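Structure, as C-alpha cells:
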Amino acid sequence: MPRVGWSVEQRAAVKRYMLFTTIFAVIGVAFSVFLIALGIKGGWVLLGMVVCIYAATRLFVGNVKRNQP
C-alpha cells in the first residue's frame, strides 16, 4: 500500500508550529540568560530545559519529514 506524503495544509501547520516553538525557545533563552546574569542558578536549569525540548522537537519533526515519500 503506497504511503501518501503530507498535504499542503499539514506542511503549513508544521511550519506554523515550528515558528511558535522557535519564538518560545528564543524567549526562554533570553529569560534564562537574564536570570543567569542576575546570579540565579535556576537560569541554567531553564536554559537546559528549553534547549533540550527545542532540540527534541526539531529532531522529531525532521525525522518525520525525512520518512515521508
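Observations
- Taking the longest Cα principal axis of the chain as reference, the axis of helix 8-38 is set at about 10 degrees.
- Lys/Arg +1, Asp/Glu -1 at C-beta; the chain dipole; positive extreme among Gly28, Gly39, Asn67: Asn67
- Approximate spin-label separation Phe31-Arg11, in nm, with each point projected 7 Å along Cα-to-Cβ: 3.4
- For the chain, alpha-carbon Rg and Dmax in angstrom: 16.3, 58
- 0 to 90° range, to nearest 10: angle between helix 42-66 axis and the chain longest Cα axis: 10
- Remark: the chain carries 81 Å² of accessible area per residue (probe radius 1.4 Å; ligands, DNA and RNA excluded).
- With helices as the sole contributors, the chain gives -29000 deg cm²/dmol at 222 nm; each DSSP H run of n ≥ 4 counts as -39500 (n - 2.57), and the sum is divided by every residue.
The values are calculated or read from the model by the stated rules, or taken from the named source; none is laboratory data. Since the model is a prediction, treat every value here as computed from it, not as a measurement. Reconstructed Cβ throughout: ideal geometry from the backbone, glycine too, with neighbour counts over all protein chains shown. In case anyone asks, the SASA skips ligands and DNA or RNA and just uses the protein heavy atoms, side chains included. Shrake-Rupley method; radii C 1.70, N 1.55, O 1.52, S 1.80 Å.
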